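Step one of this worksheet: look at the structure below.
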Amino acid sequence: MSGFAPSFQVIQPRRSVVVSLEGGQEEWLARMKQKTRYNIRLAQKKDVVVRSSDDLEGFHRLMQTTGERDGFGVHSLAYYRRAYELFCAPGSVCFAAG
């Protein structure tokens, strides 16, 4: 393999998921896995609120905590700041905090 070896630390997601927004919410849910539907409905029952936020420091702390718990690597705060600057138009929901 030309001296290359897989890293033990995973930083980038292994795959992307594309969800069609055609139809109504029940149709969206019907296209999801059962466990995903369960988790969404559980969040609704627990009154989880998703809101737009530009609190990148808070997002980074959340990522670090989750990465440590679930065993995945996390980029630096500077990386997330730059991604936010490049990809988040004013008024869009790029990172959600709840």
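Cβ-Cβ distances below 9 Å connect the following pairs, each with a first residue in the range 67-79 that is under 15 Å from ARG14 (Cα atoms), a second residue that is open to solvent by less than 50 Å² (accessible area, probe 1.4 Å) and assigned to a loop (DSSP other than H, G, I, E, B), and a separation of six or more residues or different chains: GLY67/GLY73; GLY67/VAL74; GLY71/VAL10; PHE72/VAL10; GLY73/VAL10.
Pairing residues of the range 39-58 that are farther than 24 Å from ALA83 by Cα and free of Cβ contacts under 8 Å to residues at least 12 places away in the same chain with residues that are part of a helix (DSSP H, G or I) and not charged (D, E, K, R), at Cβ distances under 8 Å and at least 6 apart in sequence or on separate chains, gives ILE40/LEU29.
The values are calculated or read from the model by the stated rules, or taken from the named source; none is laboratory data. Predicted model, so just to flag it, every value in this text is computed and none were measured. Don't worry about glycine lacking a Cβ; one is built from the backbone with ideal geometry, like all the others, and counts go over all protein chains shown. For accessibility, only protein heavy atoms count, side chains too; no ligands or nucleic acids. Shrake-Rupley method; radii C 1.70, N 1.55, O 1.52, S 1.80 Å.
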